[in-house]
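The values are calculated or read from the model by the stated rules, or taken from the named source; none is laboratory data. Keep in mind that this is a model prediction, so the values were computed, not measured. Virtual Cβ from ideal backbone geometry, glycine too; neighbours counted across all protein chains shown. Accessible surface is based on the protein model in full, side chains and every heavy atom, while ligands, DNA and RNA are left aside. Shrake-Rupley method; radii C 1.70, N 1.55, O 1.52, S 1.80 Å.
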Amino acid sequence: MIDDIKAVFSRVRSALRRRGASSHDADDWTQEAWLRMTRHLNERPVPNPEAYLTRTAINISIDAYRSRSAHDDQVLVDELTVADVAPGVEAQLLGKERGDRMWQCLERMPERTREIFLAHRVSERTYADIGQEFGISESVVGKHVVRATALLAGWMEGW
């Protein structure tokens, strides 16, 4: 059957942990998978016991997740990991400097090109809508957007 049960259990638990299971849950689900496999062995042989054990444990973890989601279980504080994803002070300062630089670059470009660019990229308007407002074709709107993008890319290079 399985030559080194400790090593196999360790690999199954590791697979569960990589998928976000707590250490406690990984242990429980590995043991449950083992019990299911031994019951299954009474009916017919399992060609690859380690693969069967791993797949069964993962399926048990998926079922547990679905059950928790469906019943809106409470989460224990010990199970939570809170990561501070806010940028650091240096990143914030660099971001502000880049933003200031970008607005300076926008002010340098021709007014009509800037307005069309901002209407498309910031206000998320379509070329057709912008073209109607400015009395130009969609193709010309696209050319303004491309021109503004190229100007910004050139002026912002190195930032």
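In table form, for the structure just shown:
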quantity	calculated
Selection within the stretch 112-123 - open to solvent by 70 Å² or more (accessible area, probe 1.4 Å) and part of a helix (DSSP H, G or I)	112, 115, 121
In the stretch 1-50, the residues that are more than 23 Å from residue 62 (Cα to Cα) and either touching a helix residue (DSSP H, G or I) at 6+ places or on another chain (Cβ under 6 Å) or of a type in the set (S, T, N, Q) (or both)	1, 2, 42
Leading residue by the ranking (modelled with the highest pLDDT) among those in the stretch 36-73 that are under 21 Å from residue 16 (Cα atoms) and open to solvent by 100 Å² or more (accessible area, probe 1.4 Å)	55
The stretch 93-111, residues that are in contact with a helix residue (DSSP H, G or I) (Cβ under 8 Å, 6 or more places away or on another chain) and open to solvent by less than 100 Å² (accessible area, probe 1.4 Å)	101, 102, 105, 106, 109
Close pairs from the stretch 97-117: first in contact (Cβ under 8 Å) with a residue 24 or more places away in the chain, partner in a loop (DSSP other than H, G, I, E, B) and open to solvent by 60 Å² or more (accessible area, probe 1.4 Å), Cβ under 6 Å, at least 6 apart	98/159; 101/159
Criterion (farther than 17 Å from residue 104 by Cβ and open to solvent by less than 50 Å² (accessible area, probe 1.4 Å)) met by exactly one of 154, 142, 135	142
